[in-house]
Amino acid sequence: MQNKDYQKNWRLKNKDKIKVYRKKNLEKINSQRRANYRKNRKKLLKWKHEHKEQHRITNKIWMEKNRIKWNLWQKEFYRQIKIKGVKLLGGKCQKCELIVKIGKDENLCIFDFHHLNPEEKEYHSETKTKKLLEEIKTGKIMLLCANCHRLEHHKS
């Protein structure tokens, strides 16, 4: 018990050192995790199956406590993805050429991503961001201001 308290206190005191170490050795840490998973895969899957309900309850409790924090994190995460997408597409409307500088205080709600082929617009929330950026890079999406986007959908 004493050893666990010592470890916990040490981690709390050395958060910055741990972050720096993890950044420097990310690939090494990930390869160790992958090797450990491969080695213990059956045990891990069995444990996961046995503790499924407990895990669900724990997640629900965490979500109730941290809903605001989670929502803020999610909002910022999607904002960063939108910034990347807007930058990849040149930062201006591809119809009327409206330009908005992207900064901390700028409002990105001016721009919408328009799918050139609406039938291909199908993805789940966890893969949404990866697929969106892939589609931008392959030219399946164009950047439109809100007005042009509404007009585009009104035509069809």
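The values are calculated or read from the model by the stated rules, or taken from the named source; none is laboratory data. No experiment lies behind these values; they were computed from the predicted model shown. Cβ: placed from backbone, ideal geometry, glycine included. Neighbour counts: every protein chain shown.
Filtered by the rule that a residue be exposed (fewer than 15 other Cβ atoms within 10 Å of the Cβ) and modelled with pLDDT of 85 or more, region 95-109 gives a lone residue, Cys96.
If you check Lys75, Lys84, Lys128, Lys121, which single one turns out to be within 30 Å of Leu144 (Cα to Cα), at pLDDT below 85, out of contact with any strand residue (DSSP E or B) (no Cβ under 8 Å at 6 or more places or on another chain) and among the basic types (Lys, Arg)?
Only one candidate qualifies: Lys128.
Answer with yes or no whether Gln54 is at pLDDT below 95 and either acidic (Asp, Glu) or surrounded by 10 or more Cβ atoms within 10 Å (Cβ to Cβ) (or both). When the stated conditions are applied, Gln54 does not pass them.
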